[in-house]
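One structure is given here, and the rest of the page talks about it.
What follows is calculated from the coordinates using simple rules that are stated; it is not laboratory data. None of the values given here were measured: they were computed from a predicted structure. Every residue, glycine as well, gets a Cβ built from its backbone with ideal geometry; the counts of neighbours run over all protein chains shown.
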Amino acid sequence: MPIRKILVVDDSKTELLFLSDLLQKNGFAVKTAENAEDAMRRLEEEQPDLILMDVVMPGQNGFQLTRAIARDPQYAAIPIILCTSKNQETDRVWGMRQGARDYIVKPVNTAELMSKISALA
């Protein structure tokens with residue numbers, strides 16, 4: 001299934017702007033959410049083809065939200081790429097255990113992100 005619609009979840013407005021701009025320039029339709037609550041609302045409105053998820057957020061963090069989405073039969077098929085400043089191998093392993101399909105460390109390398117998105121399509 002080709003990836004066209006991407007939901008970017010990040011509590012940083014700067015990061016949301018950067019990722020939205022980058023993805024739109026590469027032909028994707030982008031929706032954004034600043035926290036877990038916002039993300040769930042967006043999911044209910046329209047299912048994306050991919051979720052780019054920050055980990056460190058107020059309230060429910062990205063690991064918890066990834067687990068909740070991955071375990072919900074309604075959303076389990078949506079791939080999640082964790083996009084975070086947490087660069088330890090243990091964080092990557094934990095993120096993948098929560099249901100993420102991939103993991104990318106900030107600052108985001110455009111070529112790496114595009115290749116990870118292509119690999120999921």
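Partner aspartates and glutamates whose Cα lies under 16 Å from the Cα of LYS86, excluding those fewer than 8 positions away in the same chain, are identified as ASP10, ASP11, GLU15, ASP54, ASP102. Two numbers describe the Cα atoms of the chain: Rg and Dmax, which are 12.7, 34 Å.
What nm value, rounded to one decimal, do you get for the distance between ASP21 and SER115 when each label is placed 7 Å out toward the C-beta? Here the modelled spin labels are 2.4 nm apart.
Name all residues of segment 41-70 having a backbone nitrogen under 15 Å from the label point set 7 Å from the Cα of ALA29 along its Cα→Cβ direction, giving them as ranges. In segment 41-70, the label zone of ALA29 (backbone N under 15 Å from the point 7 Å along Cα→Cβ) covers 42-51.
Classify segment 56-121: rounded, prolate or oblate, from the alpha-carbon gyration tensor (a ≥ b ≥ c, eigenvalue square roots; a/c under 1.5 rounded; otherwise prolate if a/b is larger than b/c)? Cα axes put segment 56-121 in the oblate bin. For the chain, adding -39500 (n - 2.57) for each run of n ≥ 4 DSSP H residues and dividing by the number of residues yields -13000 deg cm²/dmol at 222 nm.
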